[in-house]
Structure formats: structure tokens, C-alpha cells
Amino acid sequence: MTRRSTLGAEPGERGGIVGRVVRELEAILGPSAVRADPLSLRLYARDASMIQGTCSVVALPSNAVEVAACVTVARRHGLPVVPRGAGSGLAGGATPLGDAVVVATTRMRTIESVSVEDGVAWVEAGVLNLDLKEWLAPLGLTFAPDPASEACSTIGGNVATNAGGPRCLLRGVTRNHVRAVDIVLADGQIVRLGAEAADPDGYDLRALVVGSEGTLGIVTSACVALTPVATGVRVILAGFPSIEGAATGVSEIVATGVSASAIELMDRPVVQVIEAFAQAGYPLDAEAVVLIELDGPPGAVAEQSAIVEQVMTGHGAIGITVAEDADRRARLWKGRKSAQGAITRIAPDFYQYDCAVPRTRLVDAVIATRRIAAANGLTVVNVFHAGDGNLHPFIMFDRRQPGTLDRVLATAEGIAEACVRLGGVLSGEHGIGLEKRDLMRLMFSAEELELHRAVRMAFDPDGLSNPGKVLPELAAVAAPSERSTVDHAGSRS
Amino acid sequence: MSLVQPASTAELATLIRGAARDRTRVLVVGGGTHGACPATEDGRRISLAGRLRSVVTYDPAELVVTVDAGLAVEELDATLAEHGQEWCADIVRGSTVGGSIAAGASSLRRRSIGPLRDSVLGLELVDGRGRLIRVGGRTVKNSTGLDLVRLMVGSRGTLGVITRAHLRVRPRPRSRAVVRAGGASLAAAIIAARQASVVAAAIADSSTVQLLLEGWPDDVAADAAMLVEHLGGELDARPGSFPQVRSWARWPAVAMLTVRPSAVETLLGRAGTRWATQLFGGHVWIGGDTVSELVPSCATATERGGHATLISEPGWPTWPAASAGNDTRIGERVKAAFDPDGAFPRLARWSPA
């Protein structure tokens, strides 16, 4: 891989350049915050995606000024910079390429300020999503995005990928909850975009940063909006005789005017393995299980609950369970939340994919994923955020079988194509990263991609902020070398 | 000045390419209600309101509607109302969907239905080179590339002409009521409103507090009773438009400010009697006889991490005055990415010249 690395340098010079970068970073950050040993370089050369990358040095700055210094040093030597939070991203946005300098924000873990009156908090990029939630809980407040990785993912990573989660159905994804960011641009400047007050006037540059996967700069702090902790919560779970019945039931519930905080759907193979793993009380004779969470004032919960039960019954629901107390709700959620861990019991490896379709096309999308997987000799199981049309097919495989990875990737790309054909998009909440970079052409014309690129260059004219991610290269050539370095999957907890 | 009404996106693109080539400007206006485009600008004024105004697709079960940008918000609302749904923009007579998005005009009911930018899923636009560009998509969830949709919201016709929009719509509230209280203090109103669970909008001025309740019938009734008990005043169980009193509409010049809620008091302290504020969210209106006398309030707002917009006499432009956290250097480059030849005006800022 040679993309934009060590600009203008001959291969022989690279070692020298990297050595100088390491020494300069050590002088600024101290030796304990700079890593260039082989083990560290291997550890930081990948995230939770299936792609193996490479890097030349890892920096662990403690604050925004140090981040700016790292960026300045890398820039002086023409090395690209790859920001990294917990590395839990699934699309390869934090997978470094070439001689990249990885700048990890994991030491930046300060919750800088919380204002209950203003409903905002300033938090450093390395603060864990769940740590922030636990800090806020005694105040009766929360940070709404709840990605499955909330226990380990950072706020900076949530901002980079525009992270979602099951409860984003009602309360919105990360972009709906970020008021402002402090960002280190590729020229080393620290800039504040957005403000604590809502509804900015003029160009919403803050909104561009959320979901930009580090391609505009490194977010060092974010001002996030705080949401009151939900009250009056009720969870309703039901089994359905067919996945079509479950999905059309979900569509009808949404169309009837129910504003649920989460609507999750799991298909039969997942339910079987979840139940064996978590004993959550899911009906084993159902082809699909739907979990719906409602919250709010008593009238809203009672009326919507009645609609949900009525629609579910109309679609042949079996065994409707309603849980109001916290323990019973937690038990029903435990099944959904252990899906990923449970799937490891039925497949040596799995590849978790992410696409979104208009919610009335969910059934078509599920049928398509099964057909495409079968055509490639693979099995796919489905656990997804049905209420907002966000699919998460798990493609199961055994990497020891020769040629399997090619079939896995062909399945994934087939699913992406099918979703786009159904009016959907490449990613609902994981981002594009490297994983789907070369699929961007399925959604965007050359002119549209050129505009994306031009906007990216408004922030980073020299392309040193996480280059090679999100946007396909101008030369319209997929990078087969990256595709073939896929060597691992399914080890996420 | 003549108003050109292109009959198609292709015709619009030709107009824009011509302007880019001749170094003239295309000034797009919707209904002209949000003053998104400065009236002082020279150039060819175009409107989509006459001929590009269809509901393109609407599947109520999807809660998503695709419309041409020239569609009047009022007409869209009538279509959605047939299916018990609504979009989140306030209806201003004559305003268009494209204009509301270009002005970033969030509803007074923002607290319950969210800011306008959260409801725009995707857009089609013609950029400064006359290219048809699609941004975003039609799904509720989308994390695919840079969020150019939100960039367009509030960009006031300076980056491109919005031709079509994919909008997230929502169920209309089942029940509404308004509580209007004359004698309540601002502090008492805030405390009472915080205890209510279905307050969609709450506006106070120097003489009245008006609270709009929206939700399921039992919750609206319970909150209404609680608010009447705490604040006195009267209950209107069949309210028409909200608010019934728009004090700011009577002032010759208005500064529309958004600040942190904790900064509201400071702004009101200097405002005399011409003020109004939302009890939630830090939105403030301050009135004056001229725009110039409102500049200090705008400065206070932006110094405190807020945003300010100035509105002068009816028929005059609205200017974004200033906004904290807006990097003009990057903003200019973003503008150049969309419009390298300056076919559209620059993002106007009020200046006291």
C-alpha cells in the first residue's frame, strides 16, 4: 500500500523518517506515550473490522494541545494521521494504512463540564460512552446513543462513525446529540465548530464532522446534549409465525403512530441460539421475535401499548409478553443484547454487516440477504433495528475452509447492492471506513463523489487526515491488496 | 425585478450554468417568507414555487415523503393531514419546503418535534456548476459519507438550489390544548413547565405565558390541569394556531437569539419590555425600533456560545447576524466546493456599515 504515505520519500528514506517522527513525538509527549515496538504496531494496525492494516508509530496524547502537536509532527514529515478511539469500529475507519501515525485518544478521558440547566456536557474524545452514562445517571440524565459497543466505545469514536443503537429509533443517533466539537485540523490548528446553544446559523460545519470518520481532522472534545432518563418504560415481546408477518407488523405499528423507543427483530436461528445462551424466555417455536420498548407519560404508554398488542395479534403473534418492572425488562433485553456473543456458538466466524432500507422494504431486504448468502453457499442470520429499517445481517462462515472469505465478501457486497436497489443506503450506523469505500459508487455518481471530496479538502487540503477512508480513490481502482488482507473475523465480544 | 420560474431541474441547471459562465448571480427565493436571500443582492431571481411543486412519493406507512422544493408547506401539511401525519416545519403562509430548509427554520414546537434539520433525510440540489447532486437518502438512519444534508439546511441558497427533499414525517398529536396565564412570573412558569411531560412549546413575554400541550389525551388533560392549578390562567381545549399572541411580530426590528438556557436571564435583563422567550431551549426574541440598536444583544448572545439572527421591517431581509463556532475560513472553502464560480450569493452577514 502506497497511498499518500511518506510523500515524495524513496523507500530507503522511510525508516529514517519514522525514526525522526518517533523521536520528535517522544520529546513532546514523553516516551511512555509513544509506541513503535512490533507488538504495539500490530495491535494498533486493526480495529474491529475484518481488515488488517499497517502503521509506523502510535501516539497516545493526553490533551488537545498534544494531539495538535502529533498532527504537526506527522505533517512535517508527510505522514498521514489516523485517529483512533477504542478501535471498536466495524467498518475499518480506524484501520491505518501505509506508514500512518495512529493518534489514539484513549488517555483523554476527562468529563470536562456538565451543566444540568443547559442540558449539555463537554467531554474529551476518549471518554467511554458507558462511563459518561454512569456519570450522568445520578443527575437523571443520559447521553442517548447506545451502540452495542457502549461499554468500550469512546465518545470520539461515536462522533466519528455517527454511532446509533437500538434506542436511537426515538431519540436519534449521535448527530442528533452533538452540539459542538473541538477538532484538530490537518494543519495542527484547534478549531471549535458549533456551539452549546442549539440550532446554529450559517453553514453547519459541526454536522459535517459527525460521521466523517476522522477524514476532516481529530475530534478532541465534544459538547453533547443530555437527555432525561426515560421513565414509565414498558417492554413488549412477541413471537411471529413468519418473518414477513413480524416485519409487516412492525411497519404497521410505526405507521399507526406509535413512537416506540426501540423496535428490534430477531429471526428464528438467532432466537434459538439466544435462548440457549441467555434463557430470556423467548418463544422457541417462532420464526421471528419482535421486542418493542415504549416509554413516556402513563397515557402515551398505555395507549401505544394497546395498539402494539392489537397489531401484533392481527399479524398472528404468539405469546405476547409485557414487562414493566426493571428486572423483567432487563431479562427480555438480555436476549437481544447477547445475540452477538450467542452467535459465536453456532459459527466459528461471523461477519456483522450494516445497511439500512426504507422500513416498508424490510421483508424484501431480509429475503434478499438469505438468497444472496445461499447463492454463495453461506448462511445469514438476522438481528436488527427493525423500527428504523437498519439491517444487521450476520454472515456465518468458517475461515479454515479455503476460499470462504471471498464468498463472505461477495455476500456482503451483494447485500449492499440489494439494499441500495431497494432505496436504501450502505450504512445505517457503522460508517463506511474501508469496508464499504469502494461501494460508494453504488449510491453516488462521479460528480457527487467529487463534491464529497471537495468538501473534505475544505478541511484537509493535503489529504493527510485518515486518507483512503470513506471516499473511493479518484483513479476508480479498487485496492485488491486491501481486500486480500482480510484474515480475521468474529472475535468481537 | 422579474422572477424566473424554471419548469424543470434541467432548465434550472441551464440557468445556473449560464450565471456561472457570465459571472452573474442566481438568487433563489422560495415563498420569500424567511428572507433567506438578501434583497439587496443583484442577480436573476428564481423561484421554484410556481412550477416545481409536486408531492413526488408519499407512502404514509413509511413516514417519509418526497416533494419538490417549490411545494408550499401549507399544501404539504394538507396532504399529510389526510393520513394523520405532519412535517416538523411551522406553516407560514406562502412558505415553501425548499425555502424552509434553506432558512433552517425550526418550529416553535422544536422541543417536542425536534429541529428542522433532524427531519431532512435527503435532498436533491443543483450546485454552482449546474450539476444535479443527491445528498443523504430516503432512510431514517444513514451513516454513509459526509452529512451534506445538514450542511444545506440553513445555507440560504448560497451552496445550491434545493430542488427536491426526502422528509421524515410524524404522527400528528392525538390531543392538543393551550394554557394561557397572565400573571405568572417567568421563574414560576419554568418550574411548572418542567413538571409537565407533554409541553410542545412554551412562550413567555412580559405579559403572558402561553403553553402548548400535545400528546395522548390523558397526558394532555393531566398536564393542563396541573399547569392551570400552578399558574392560574385559562385552558383552551380546542386551540387553533399557536401562539395566539406573537408579540415579536409587532416590533419594527427583532433579534432572534438562541443561547444556552442559563444565559437567557442576562439577555432579558437588558431588553426592557420588548422580549419573548421559549421556556425551554434558550430561544429569545428581543425587539427594537431599528436593527442597529439590537446589535449589542446579538454580540452578547454569540459571546456566550449562541446564535443571532436579525429581522427588520416586513418585506426586508432577514440576516444571520452571527453565530458562535463558525469557522469562516473553512466555510468559504466549502462554499467554493459547491460554487466555485460564484453563481450564488455569499452567505450574507449583517454589518453595521
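The values are calculated or read from the model by the stated rules, or taken from the named source; none is laboratory data. Quick caveat: nothing in here was measured; it's all calculated off a predicted structure. Ideal geometry is used to build each Cβ from the backbone, glycine not excepted, and the neighbour counts take in all protein chains shown.
Any residue at all in segment B:71-80 that's part of a loop (DSSP other than H, G, I, E, B) and closer than 18 Å to residue B:169 by Cα?
yes
Just one of the numbered conditions (1) in contact (Cβ under 8 Å) with a residue 60 or more places away in the chain; (2) within 14 Å of chain A (Cβ to nearest Cβ); (3) of a type outside the set (A, V, I, L, M) is not true of residue B:180; which one?
Looking at each condition in turn, residue B:180 falls short on (2).
Just the residues that are surrounded by fewer than 21 Cβ atoms within 10 Å (Cβ to Cβ) and among the charged types (D, E, K, R), please, taken from segment A:253-294.
Selection gives A:268, A:275, A:285, A:287.
For residues that are crowded, with 22+ Cβ neighbours inside 10 Å and in contact with a Lys or Arg (Cβ under 9 Å, 6 or more places away or on another chain), scanning just segment A:95-117, find the one that is nearest to the other protein chains (Cβ to nearest Cβ).
Checking each candidate, the answer is A:95.
Are any residues in segment A:183-200 outside any strand (DSSP E or B), more than 7 Å from every other protein chain (Cβ to nearest Cβ) and touching a strand residue (DSSP E or B) at 6+ places or on another chain (Cβ under 7 Å), and if so, which ones?
Passing the criteria: A:185, A:186.
So, in segment A:427-453, of the ones that are at the interface with chain B (Cβ under 7 Å from one of its Cβ atoms) and under 17 Å from residue A:210 (Cα atoms), which residue ends up nearest to the chain's Cα centre (by Cα)?
Result: A:430.
In this structure, is residue A:346 at negative phi, part of a loop (DSSP other than H, G, I, E, B) and either among the basic types (Lys, Arg) or touching a residue at least 60 places away in the same chain (Cβ under 8 Å) (or both)?
Yes, satisfied.
Here is a list: A:314, A:299, A:319, A:335. Which entry is under 25 Å from the mean Cα position of the chain (by Cα) and either in contact (Cβ under 8 Å) with a residue 60 or more places away in the chain or within 14 Å of chain B (Cβ to nearest Cβ) (or both)?
A:335
Just checking, does segment B:250-270 include any residue being among the basic types (Lys, Arg) and either surrounded by 24 or more Cβ atoms within 10 Å (Cβ to Cβ) or closer than 22 Å to residue B:90 by Cβ (or both)?
Looking through segment B:250-270, at least one residue is among the basic types (Lys, Arg) and either surrounded by 24 or more Cβ atoms within 10 Å (Cβ to Cβ) or closer than 22 Å to residue B:90 by Cβ (or both).
Taking residue B:299 as the residue in question, decide whether it is touching a Lys or Arg at 6+ places or on another chain (Cβ under 6 Å), outside any strand (DSSP E or B), small (Gly, Ala, Ser) and not assigned by TED's automatic domain parsing to the domain that holds residue B:30.
For residue B:299, the condition - touching a Lys or Arg at 6+ places or on another chain (Cβ under 6 Å), outside any strand (DSSP E or B), small (Gly, Ala, Ser) and not assigned by TED's automatic domain parsing to the domain that holds residue B:30 - is not met.
Report whether or not residue A:216 is in a loop (DSSP other than H, G, I, E, B), under 23 Å from the mean Cα position of the chain (by Cα) and in contact (Cβ under 8 Å) with a residue 60 or more places away in the chain.
So residue A:216 fits the description; yes.
Residues of segment B:192-219 being within 8 Å of another protein chain (Cβ to nearest Cβ) and either among the β-branched types (Val, Ile, Thr) or in contact with a Ser or Thr (Cβ under 7 Å, 6 or more places away or on another chain) (or both), which ones?
B:198, B:215, B:216, B:217, B:219
Of the numbered conditions (1) within 21 Å of residue A:384 (Cα to Cα); (2) more than 12 Å from chain B (Cβ to nearest Cβ); (3) of a type in the set (Gly, Ala, Ser), residue A:172 fails exactly one; give the number of that condition.
Here residue A:172 clears every test but (2).
Out of (1) more than 8 Å from chain A (Cβ to nearest Cβ); (2) closer than 24 Å to residue B:60 by Cβ; (3) in contact with a helix residue (DSSP H, G or I) (Cβ under 9 Å, 6 or more places away or on another chain), what's the single condition that is false for residue B:102?
In the conditions (1) more than 8 Å from chain A (Cβ to nearest Cβ); (2) closer than 24 Å to residue B:60 by Cβ; (3) in contact with a helix residue (DSSP H, G or I) (Cβ under 9 Å, 6 or more places away or on another chain), residue B:102 misses (2) alone.
Could you grab me the full set of residues in segment A:64-84 that are crowded, with 24+ Cβ neighbours inside 10 Å and over 18 Å from residue A:41 (Cβ atoms)?
A:67, A:71
Only one of these is at the interface with chain A (Cβ under 8 Å from one of its Cβ atoms), at pLDDT 95 or above and touching an Asp or Glu at 6+ places or on another chain (Cβ under 6 Å): B:134, B:138. Name it.
Only one candidate passes the filter, namely B:134.
Go over the candidates B:227, B:267, B:257 one by one and state the one that is touching a strand residue (DSSP E or B) at 6+ places or on another chain (Cβ under 7 Å), more than 24 Å from residue A:120 (Cα to Cα) and not in a loop (DSSP other than H, G, I, E, B).
B:227
Can you tell me which residue is nearest to residue A:49 (Cα to Cα) among those in segment A:378-426 that are among the hydroxyl-bearing types (Ser, Thr, Tyr) and more than 21 Å from the chain's Cα centre (by Cα)?
The residue in question is A:404.
Out of the residues in segment B:105-129 that are over 30 Å from residue A:386 (Cβ atoms) and crowded, with 21+ Cβ neighbours inside 10 Å, state the one that is nearest to the other protein chains (Cβ to nearest Cβ).
Filtering segment B:105-129 for residues that are over 30 Å from residue A:386 (Cβ atoms) and crowded, with 21+ Cβ neighbours inside 10 Å, the one nearest to the other protein chains (Cβ to nearest Cβ) comes out as B:127.
Enumerate the strands (runs of 3 or more DSSP E) found wholly within segment A:65-182, keeping only those where 2 or more residues are polar (S, T, N, Q) and more than 24 Å from residue A:471 (Cβ to Cβ).
In segment A:65-182, A:111-115 are the strands (runs of 3 or more DSSP E) which contain 2 or more residues that are polar (S, T, N, Q) and more than 24 Å from residue A:471 (Cβ to Cβ).
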